[in-house]
Amino acid sequence: MIASRQPNGSAISALRSLLPVLVVLALIALVPLLSPSNRFLSLAISAGINVIALYGLSVLFGQTGILSMGHAALVGVGAYTAAILARDLCTGFWLALPAAALASALFAMIVGIPSLRVGGHHFVIMTFAFGQLLAIVLTNGGDYTGAATGLDLVGPVTLFGADMSDLTRYYLMVVAFVAAAAVASWAIINSPYGRTLRAIRENERLAASLGINVGRHKIGAFVVSGIFAGISGVLLAHFLGHISPTQFASFPSIYLALMVMIGGARLIAGPLAGGILVAFLPEVLNLDPVQSRIVYGVCLIAVILLLPEGLIAGVGQVFRRLLASGQPKQEREELDTASTTPSEVRR
């Protein structure tokens with residue numbers, strides 16, 4: 001069990017970490033006023049849908065220290081759940097959301113129970129294998145899954161009678177979902193449960209010796225990441241109108257892992273920064289798909305070597321050093337929101 005109280009200074013610091021993200025999202029919501037092109041809006045919507053999945057991956061990787069290379073498979077479970085429900089039961093967008101989130105969470109639990117018996121690179125390989133296995137199952141699912149061609153989704157997305165299928169409205173809806181995902185991720189990170197996950201990340205044996213059920217909490221983190229992924233899958237399916245197994249195979253999972261590692265998994269702004277950067281960098285540099293993958297690889301190597309905590313954390317450290325230069329050194333104690341201490345943990 002984790003102590004549920006935080007120092008007031010820590011609570012204020014945690015809130016300050018969320019406010020810049022909400023301000024950025026508020027500014028992003030004003031983009032349609034600039035009359036952007038449909039291509040820009042489509043790319044922004046795709047980036048926002050990825051960011052929602054990344055917030056789930058940040059809970060798993062950033063807080064628990066578990067990197068999954070099959071996260072796109074969880075997104076695929078949500079997308080196919082929405083598509084099958086729409087085809088067989090004429091279920092709309094809003095009813096598909098909880099069903100897809102539950103389906104992805106259950107799939108995450110099924111994958112997590114055997115995978116979390118191993119650790120390190122073995123876990124990465126197992127999640128990668130499960131992702132590939134799902135793509136194979138979907139490809140050979142016959143008419144039920146649409147086989148290799150996939151499934152189509154028809155019908156508008158409505159909210160209070162308004163047609164949200166319009167590109168601008170769908171963009172604003174995705175921004176709202178990103179904001180909700182950021183707030184949910186922030187709440188998890190700064191909750192007693194989040195501190196428990198960080199205790200496991202920092203010293204698994206110590207956490208177990210203090211009475212924490214390590215296995216149960218790891219699976220719980222995997223399930224939480226599945227909920228985010230399922231919601232992302234529903235948004236993706238209704239946005240594209242067509243889904244296929246190749247969208248949720250190995251490379252999309254690597255793509256998501258790349259985003260969260262570049263942006264930074266331990267900070268609330270990391271998934272947002274990583275999703276936007278990876279989505280728009282090829283457009284800014286006018287790169288083709290092959291060139292963009294090379295650039296992504298170079299960026300990932302640079303981040304691992306120079307900014308191991310991610311781009312946002314690295315930029316923040318540089319900024320703080322610049323502000324601190326020339327000022328007298330002051331001794332102060334701060335609670336690090338990305339780590340935990342033994343005093344935070346008790347039976």
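Quick note: the coordinates plus some simple rules give every number you see, no bench work behind them. As the structure is a computational prediction, the values presented were derived from the model and not from experiment. Note that we place each Cβ from the backbone using ideal geometry, even for glycine, and neighbour counts take in every protein chain shown.
Computed values, structure above
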| read-out | value |
| --- | --- |
| Within the chain, longest stretch clear of exposed chymotrypsin sites (Phe, Trp or Tyr not before Pro) (DSSP loop, no more than 15 other Cβ within 10 Å) | 161-347 |
| Crossing angle, helix 192-202 versus the chain [Cα axis fit, 0-90 degrees, rounded to tens] | 80 degrees |
| Gaussian network model of the chain, springs between alpha carbon atoms under 10 Å - residue of R205, R39, R216 with greatest fluctuation | R39 |
| Taking all pairs of distinct alpha-carbon atoms in segment 1-136, Kirkwood radius in angstrom | 17.9 Å |
| Global geometry of segment 160-209, whether rounded, prolate or oblate, following the gyration tensor of its Cα atoms and the 1.5 cut on a/c | prolate |
| Debye-sum result for the chain in log10 I(q)/I(0), which assumes one identical scatterer on each alpha carbon, at q = 0.08, 0.09, 0.13 Å⁻¹ | -0.39, -0.49, -1.03 |
| Segment 27-101 shape via C-alpha gyration tensor axes, a/c threshold 1.5 | oblate |
| Shape call, segment 128-238: gyration tensor on alpha carbons, a/c limit 1.5 | oblate |
| In sequence order, calculated HN-Hα J values of segment 33-44 (Karplus, 6.51, -1.76, 1.60; Hz; x Gly/Pro) | 5, 8, 6, x, 6, 5, 5, 5, 5, 5, 5, 5 |
| Gyration tensor (Cα) of segment 58-206, equivalent ellipsoid semi-axes in angstrom | 31, 23, 11 |
